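The values are calculated or read from the model by the stated rules, or taken from the named source; none is laboratory data. On a predicted model such as this, the values are computed, not experimentally measured, just so you know. Cβ coordinates were reconstructed from backbone atoms using ideal geometry, including for glycine residues, and neighbour counts include every protein chain displayed. Side chains are part of the model used for accessible areas, which takes the heavy atoms of the whole protein and leaves out ligands, DNA and RNA. Shrake-Rupley method; radii C 1.70, N 1.55, O 1.52, S 1.80 Å.
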Amino acid sequence: MRKFWAGLLLFVFGTAEAQQADTIGVAAPDYRRIVAETADIASPYYYPRLFGRYERGDTTLTVEDFRYLYYGYSEQRGYKPLLSSPYADSLERAFGKKTRLEAEDYRRIVGFAREILREEPFSMRDLNVLAFAYRMLDEPERAAAQMFKIRGILEAIRSTGTGLREESPWYVIYQRDAQDVLNLIGARFTKLIILTRNVEYAPVYNMPDDGSRGGRKNKGYYFDYSEVYKRRPDYLDEVPKRKRKFEINPLYNPRSKQNILPK
């Protein structure tokens, strides 16, 4: 159910917003500059202050602000791209079998989505779920605030390259963000193909006509994942490891009815 809501709403406003992003200048993220600016208290991009504006739903944030927010997050302590939130499957478990949701259900959805966003504040699919729940609770202003964030993140990502060549990919800081971008722009795809350690390619079946002779020379989009893998994920050590139990294969357990040992 969560995947259905996300795919549906991301597709609803995707095409118009993608066209809007075409007017933005293209430049790969300068991580050295981003680190310096977000750590400088005198900078307009000082991260604690900028992130506070983001959390409050400040609609004066620009695409440049979103570039510093999104790519600057990869230098924050909360950035753990290879971990999944413990709340990630809560929506599916809680509501996946329901055919009709009531107001109380949507309030619980808001709670789950907000918990996920505490750990992954730029998750477009969870911002989308939150916006959907607010819409169903007849809170249009709150819903609009989440959609504004999704647009800002999308436009920031699309401002990092054309996405049409391996040398000009769209940079993402989470693997799932590539799928969300493709959904937002209405791209029909089935998989992402690993090309190099940092770049993946998504073949797309409904690429727009690029104006070339014969049309649709471009066949898909490229994404750069370098931030995900650039450092050793020490935070994975925080994940409690499951205790292994010594178990005897029932086929060789003399007390088991399934045993095949000679009698």
Exercise for the section: Test Tyr252 against the stated conditions and say whether it is modelled with pLDDT of 55 or more and either closer than 25 Å to Lys149 by Cα or not basic (Lys, Arg) (or both). Expected result: no
Problem - Single residue of Ala103, Ala94 found to be more than 22 Å from Tyr174 (Cβ to Cβ) and either modelled with pLDDT of 90 or more or loosely packed, with under 15 Cβ neighbours inside 10 Å (or both) - result: Ala103
Exercise for the section: Please go through the stretch 111-150 and pick out each residue that is assigned to a helix (DSSP H, G or I), within 21 Å of Glu75 (Cα to Cα) and open to solvent by less than 10 Å² (accessible area, probe 1.4 Å). Expected result: Ile116, Met124, Ile150
Completion exercise
Picked from the stretch 151-202 (must be without any contact (Cβ under 8 Å) to a residue 60 or more places away in the chain and in a helix (DSSP H, G or I)), the residue farthest from the chain's Cα centre (by Cα) is Leu182
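Here is a yes/no grid of residues against (1) surrounded by 17 or more Cβ atoms within 10 Å (Cβ to Cβ); (2) more than 27 Å from Gly163 (Cβ to Cβ); (3) modelled with pLDDT under 95; (4) within 21 Å of the chain's Cα centre (by Cα):
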site: Gly25; (1), (2), (3), (4): no, no, yes, no
site: Tyr47; (1), (2), (3), (4): yes, no, no, yes
site: Asp58; (1), (2), (3), (4): no, yes, no, yes
site: Tyr73; (1), (2), (3), (4): yes, no, no, yes
Practice task
Can you work out which of the residues in the stretch 1-23 that are part of a loop (DSSP other than H, G, I, E, B) and out of contact with any helix residue (DSSP H, G or I) (no Cβ under 6 Å at 6 or more places or on another chain) is modelled with the highest pLDDT?
Solution key: Thr23
Practice task
Go through the stretch 208-229 and give me each residue that's of a type in the set (A, V, I, L, M, F, W, C) and either in contact with a strand residue (DSSP E or B) (Cβ under 7 Å, 6 or more places away or on another chain) or at pLDDT 90 or above (or both).
Solution key: Phe223
